[in-house]
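Bear in mind that the values in this text are calculations on the coordinates, not laboratory data. Just so it is clear, the model here is predicted, and its values are computed rather than measured. A quick note on method: Cβ atoms are made from the backbone with ideal geometry, for glycine too, and the neighbour counts reach across all protein chains shown.
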Amino acid sequence: MRPLEDYLIIDFSQFLSGPSASLRLADMGARVIKIERLGVGDICRTLYTSNLIMNGESSVFHAINRNKESFEVDLKNDEDCEMVRELLKKADVMIHNFRPGVMKRLGFDYQSVIALNPSIVYGEISGYGNEGEWKNKPGQDLLLQSVTGLTSLTGNADSGPVAMGLSIIDMLAGAHLAQGLLACLYRKAIKGEGGFVQVSMMESAYDFQFETITTFMNDGGQLPERSKKNNANAYLGAPYGIYQTENGYLALAMGSIPQLGSLLACDRLLDFTAIEEAFDKRDEIKTILANHLLTETTEKWLSILEPADIWCADVLNWNALMEHEGFKVLNMIQQVEMIDGYRYETTRCPIRIDGELLTSPKGSPKLGQDNQKIIKEFILQHTIANA
C-alpha cells in the first residue's frame with residue numbers, strides 16, 4: 001500500500017507548478033482529480049514546449065498529468081460549482097495556482113472552502129505572493145528567473161544574463177508545495193486539523209539560491225563574478241567547469257591545481273601551489289587547462305583522473321545517457337497508457353519507498369473523461385442521500 005492511498009486531491013491548477021505537486025502526490029498513491037475548464041481544460045494541453053504533439057495535445061501536458069482524472073466543468077455555472085463543492089466536502093487536499101483574487105471571485109478561496117470542509121489542506125501557488133505591487137504579475141518561469149538574479153549565475157562572464165534550460169522555478173514551487181501539503185497531511189492524521197499552505201514562485205527562486213545569496217549577504221554585497229572561461233559556478237574557483245576535449249567534453253569539479261597538473265602532464269599548472277590562486281587566478285588557470293584538455297580524448301582523461309579519485313565526468317546527451325548501464329539499472333523510464341489506448345514513454349517518480357518503485361501504467365486524462373464516473377460516485381450519492 002502506498003502512503004497516500006485513500007487520500008483525495010482536488011486540483012484546480014494549470015501549467016506546471018501546481019500540477020507537478022499533484023503529480024508527486026499521485027505517485028505516492030493519492031487520487032488526483034483535475035478540475036478543468038469546459039471545452040478548454042488545463043491550458044497546458046495546448047502549451048507547446050516543442051513541435052511535438054502527442055495524441056492531439058502538448059507533450060508537456062502528458063508528462064506532468066499522468067495518473068490523474070479529469071473533471072470538466074464550467075465554474076461560471078452554479079450547478080457545476082455545486083458539484084465541485086460536493087467533491088471538496090470529501091477531499092483531503094485542494095490545490096490551485098491562480099493569480100490572487102481569482103479563486104475568491106469563483107467562490108473557492110480558502111475561507112469559502114474551509115466552510116465546506118474544515119479539515120481540508122488547502123494549497124496555493126502564486127507568482128509573487130499575495131501582497132505588494134508585483135502580486136498581479138504573471139508567474140511565468142523565465143520572468144521569475146530573470147527578476148530573482150538567477151540568470152546572473154549561468155554562462156561565462158561576457159555572456160550576459162543566461163536562463164536555465166528548464167522551467168526550474170515552476171518545478172521548485174511545485175516541490176515546495178508538495179512538502180507543505182505532506183507536512184499538513186501528517187498533522188491532519190495526528191490532530192485532525194487542516195491547513196493553509198502558500199508558496200510563491202519568487203520565494204522558491206530565492207530559496208533555490210540559498211547558498212549564493214547567503215554568501216552575497218555576508219560578503220559586503222559583492223555581486224558574484226562568473227569566470228570568463230568555462231564557468232559552472234560563479235563562487236567556485238578553478239578548475240570547476242566543463243571543458244572541451246579532442247572528441248567531446250569533460251566536467252571537472254573541485255580539485256588541487258598542482259595535482260591536476262601532475263596527473264595530466266600539464267607542467268604550467270604546477271606553478272599554482274597556493275590555494276587562493278584557484279580563485280584569484282581562476283581565468284588564467286582555466287585557460288591553460290582548457291587548451292591542454294583539447295589535446296586528448298575524454299576517455300583518455302577519464303582513464304587518468306578517475307583512478308586518482310578526481311571528481312570528473314563525461315558530458316552526455318540523452319541518447320548516450322539512456323544507452324549507459326548506469327542509467328538503465330535505475331529503471332527511470334515507464335510506459336503509460338491513456339483511456340483511448342494511446343501509449344507513451346515518460347519518467348517515473350524518482351522516490352522509492354520500502355524498496356518499491358513508484359510507477360503507474362495510467363497515462364494523462366482526456367478532457368472530461370472521468371465526469372460520469374465522478375458524478376456517479378460523489379454527486380449522485382449525495383443527491384440520493386439527501387432525497
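The shape of the range 249-292 can be summarised by an equivalent ellipsoid whose semi-axes, obtained from the alpha carbon gyration tensor, come to 14, 12, 10 Å from longest to shortest. The angle separating the long axis of helix 168-191 from the principal Cα axis of greatest extent in the chain is about 50 degrees. Amide H to amide H, which residues 5 or more places from Val197 or on other chains are under 5 Å from it, using H placed in the peptide plane? For Val197, the qualifying residues are Tyr122, Gly123, Glu124. Given +1 at the Cβ of Lys and Arg, -1 at the Cβ of Asp and Glu and no other charges, the dipole of the chain around its Cα centre is 980 debye to the nearest 20. Taking label points 7 Å from Cα along the Cα-to-Cβ direction, Glu5 and Asn55 give a separation of 2.5 nm.
Taking every alpha-carbon pair within the range 273-387, the share separated by more than 18 Å comes to 75 percent.
For each pair in Lys68/Lys90; Lys34/Lys89; Lys68/Lys135; Lys228/Lys281; Lys104/Lys135; Lys34/Lys191, compute the distance between the two Cα atoms and list the pairs where it is over 23 Å. Check vs 23 Å cut-off fails for Lys68/Lys135; Lys34/Lys191. Near the amide H of Leu75, within less than 5 Å, lie the amide hydrogens of Leu38, all on another chain or at least 5 residues away, with H placed in the peptide plane. Legend: translational diffusion of the chain by Stokes-Einstein, Rh = Kirkwood radius over C-alpha pairs, 4 °C, 1.567 mPa s; D = 54 µm²/s. By DSSP, the beta bridges lying fully in the chain are antiparallel in about 40 percent of cases.
Computed from the Cβ-Cβ distance with R0 of 51 Å, the FRET efficiency linking Ala183 to Asn317 stands at 0.85.
The string of couplings for the range 261-278 from the Karplus curve (6.51, -1.76, 1.60, θ = phi - 60°) is x, 5, 5, 8, 6, 10, 4, 5, 7, 5, 7, 8, 9, 7, 4, 5, 5, 4 Hz, one whole number per residue in order, with x for Gly and Pro.
Using the Cβ of Leu260 as centre and a radius below 12 Å, the other residues enclosed give a net charge of +1, where K and R count +1 and D and E count -1. Entry note, the chain: the mean residue ellipticity at 222 nm calculated from DSSP H runs of n ≥ 4, each adding -39500 (n - 2.57), is -10000 deg cm²/dmol after division by the residues and rounding to the nearest 500. The range 1-138 has equivalent-ellipsoid semi-axes of 22, 20, 16 Å, by the square roots of 5 times the alpha carbon gyration tensor eigenvalues, sorted largest first. Expressed as a fraction of 2.2 N^0.38 Å, the C-alpha radius of gyration for the range 83-189 is 1.33. What is the calculated FRET efficiency for Phe279 to Phe327, with r their C-beta to C-beta distance and R₀ = 35 Å, to the nearest 0.05? The calculated FRET efficiency here is 0.50.
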